[in-house]
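First comes the structure, then the notes that go with it.
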Amino acid sequence: MTENSPPRPATLRELADLLMSLDDLLVSCMRCGLCQAVCPVYGATFREADVTRGKIALLENLAHEVVKDPKSVNDRLNRCLLCGSCELNCPSGVRIMEIFIKARSFVAGYLGLSPIKRLIFRQLLTRPRLFNFATFLAGVFQKPFIKLANKTVGAFRVPLLKPFLGERHVPSFPGRSFSSQRGTLDIPASSSGLRVALFPGCVPDKLFPSLTEATLKILRHFGVGVFFPAGLVCCGIPALASGDAKGFLKLTAHNLAELTKGSFDYLVTPCATCAANVKDNWPRFMDRYLDDEKKAVAAISPKAMDVTQFLVSVLKAEFKPVVPKPDAKRVTYHDSCHLKKSLGVAAEPRAILKSLSGYNLVEMPEADRCCGYGGTFNIMHYDISRDIGQRKRDNVVSVKPDVVTTGCPACLTQLMDLLSQNNDQIAVKHVVELYADSLPDQAA
């Protein structure tokens, strides 16, 4: 089959193998229902079919249900944020994320991938120059379409694209990505003796390049060497979440080829989702990689980590709590799901925030409850995503902050949307942006 041929369903053998692997994972679920209390989707809809227990009941008879009504099964499986709340709180240790990823692959394999998803996952995202060019065009031609909605938040309305974007308030495109501005970087280690591969991910590279610049500034401040191949592409999580294992493997293979061009001690990213995907999901497909790719995944995946974890736990940088200045801004922190629930990183960003004398950290209620973004979930089920996000917004404003911060670029976009729609005058920043602003400027 050529790359441009129409999508085809998976073979019966591939589907059978997926079903067998699912059966092995499903047997440990006790139907206790504890997932119900922590599921943000169920908290918004109160539908049993939306909670993990309901989806597992569906999966136990997956083959029959898919033959009977494949589109309905696909819709039910996609009404999940993959936030990991249920898995973290499961007393039986059910590997729920792996179950849902495999189930989505089964259904996508049965139905075949839609042409638009195939175009995005296997064409646009795998071609960094094309993606950068599309980002540039979006930055150039966006002015007639966008209208400033909230200056403090930095969010815009897009009235002319309302049929596609709905009521969303979105950040503007900066025009040039970090990778197109910087190109490949190969900076040797200095005082730290450590060298990292900088993996920004799509959103920090294309939509928030200032976030990647802030990450680079911090790494150089601590004398960390930086290897950044400009040909890096998406980490693959959008494709994987949509059930496109082949697109995921293509993206992973491309990144492995780029990363193996250099040597590094750690792979560092300001995107919690990318860190979790590289660490947890890249190794899940060991049986599908070529031999050289298997070796690369085995070497690289354990090195992946969030930048705040690297600063606090690896560099052992001193982030001593300070007494906030009298005029310090109130800042509250949102725990992104992939950062806390997947990677176990919660204390590190708070340690950094407490070390900033210009800010006074105030904890919001339910700081670790999902904001409701979920990548493609926000696109496919925006009404539910917005309802979940409204609860997060209410928790944010309850502590009257000047700034809300987080460790995930996707969460940034959700917070911007909901705060702007509610006309809240609260700035939205990534933790590393706040910390980078406290450091002296340095040569580019």
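The values are calculated or read from the model by the stated rules, or taken from the named source; none is laboratory data. If you're wondering where the values come from, they're calculated on a predicted model, not measured in any experiment. Heads up, the Cβs are rebuilt from the backbone with ideal geometry, glycines too, and the neighbour counts pull from every protein chain shown.
Pairs are defined by a Cβ separation below 7 Å, a sequence spacing of at least 6 or placement on different chains, a first member in the stretch 395-411 that is under 25 Å from Gln309 (Cα atoms) and in the same structural domain as Thr376 (by TED's automatic domain parsing), and a second member that is among the hydroxyl-bearing types (Ser, Thr, Tyr) and assigned to a loop (DSSP other than H, G, I, E, B); the pairs so defined are Thr406/Ser336; Gly407/Ser336; Cys408/Ser336; Ala410/Tyr373; Cys411/Ser336; Cys411/Tyr373.
Restricting attention to the stretch 338-355, the residues that are in contact (Cβ under 8 Å) with a residue 24 or more places away in the chain, touching a Phe, Trp or Tyr at 6+ places or on another chain (Cβ under 9 Å) and in a helix (DSSP H, G or I) total 6.
So, Leu137, is that one over 23 Å from the mean Cα position of the chain (by Cα) and under 30 Å from Ser172 (Cα atoms) or not? So Leu137 fits the description; yes.
For first residues located in the stretch 47-58 and closer than 11 Å to Cys35 by Cα, partners that are of a type in the set (Ser, Thr, Tyr) and at pLDDT 85 or above and lie 6+ apart or on another chain with Cβ distances below 6 Å form the pairs Asp50/Tyr42; Val51/Tyr42.
Restricting the stretch 19-65 to residues that are under 14 Å from Ile99 (Cβ atoms) and in contact with a Ser or Thr (Cβ under 6 Å, 6 or more places away or on another chain), the residue that is modelled with the highest pLDDT is Cys35.
Tally up the residues in the stretch 338-357 that are within 18 Å of the chain's Cα centre (by Cα) and at negative phi, please. Show your work before the answer.
Start the filter on the stretch 338-357 by keeping residues that are within 18 Å of the chain's Cα centre (by Cα), which leaves 338-346, 349.
Still in the running and at negative phi: 338-343, 345-346, 349.
Final tally of qualifying residues: 9.
With respect to the conditions (1) crowded, with 19+ Cβ neighbours inside 10 Å; (2) part of a helix (DSSP H, G or I), Tyr333 lacks only one, and its number is (2). Residue count for the stretch 131-150 under the criterion of being touching a residue at least 40 places away in the same chain (Cβ under 8 Å), in contact with a Lys or Arg (Cβ under 8 Å, 6 or more places away or on another chain) and not hydrophobic (A, V, I, L, M, F, W, C): the result is 2.
The residue pairs whose first member lies in the stretch 151-174 and is in contact (Cβ under 8 Å) with a residue 40 or more places away in the chain, whose second member is small (Gly, Ala, Ser) and not in a loop (DSSP other than H, G, I, E, B), and whose beta carbons are closer than 6 Å, counting only pairs six or more residues apart or on different chains, are Thr152/Ala427; Val153/Ser420; Ala155/Ala149; Ala155/Ser420; His169/Ala149; His169/Ala155; His169/Ser420. Counting the residues of the stretch 239-286 that are under 16 Å from Phe227 (Cβ atoms) and among the basic types (Lys, Arg) gives 1. I want to confirm something. Restricting to the stretch 153-202 and keeping residues that are touching a helix residue (DSSP H, G or I) at 6+ places or on another chain (Cβ under 9 Å) and of a type in the set (D, E, K, R), which single residue is modelled with the lowest pLDDT? If we take residues in the stretch 153-202 being touching a helix residue (DSSP H, G or I) at 6+ places or on another chain (Cβ under 9 Å) and of a type in the set (D, E, K, R), then Glu167 is modelled with the lowest pLDDT.
Please go through the stretch 351-388 and pick out each residue that is among the basic types (Lys, Arg) and surrounded by fewer than 20 Cβ atoms within 10 Å (Cβ to Cβ).
Narrowing the stretch 351-388 to residues among the basic types (Lys, Arg): 354, 369, 386.
Within the stretch 351-388, just Lys354 meets the criteria.
Taken over the stretch 403-414, the criterion of being of a type in the set (A, V, I, L, M) and touching a Gly at 6+ places or on another chain (Cβ under 8 Å) is satisfied by Ala410 alone.
Which of the residues that make up the stretch 264-304 are under 21 Å from Glu98 (Cα atoms), among the aliphatic types (A, V, I, L, M) and touching a residue at least 24 places away in the same chain (Cβ under 8 Å)? Correct list: Ala272, Ala275, Ala276, Val278, Val297, Ile300, Ala304.
Among the residues of the stretch 397-430, which ones are closer than 25 Å to Thr212 by Cα and either of a type in the set (Phe, Trp, Tyr) or in a helix (DSSP H, G or I) (or both)? Within the stretch 397-430, Pro409, Ala410, Cys411, Leu412, Thr413, Gln414, Leu415, Met416, Asp417, Leu418, Leu419, Ser420 meet the criteria. Condition first: modelled with pLDDT of 95 or more, under 21 Å from Thr126 (Cβ atoms), touching a Pro at 6+ places or on another chain (Cβ under 8 Å) and not aromatic (Phe, Trp, Tyr). Can you find one or more residues in the stretch 277-299 that meet it? Yes.
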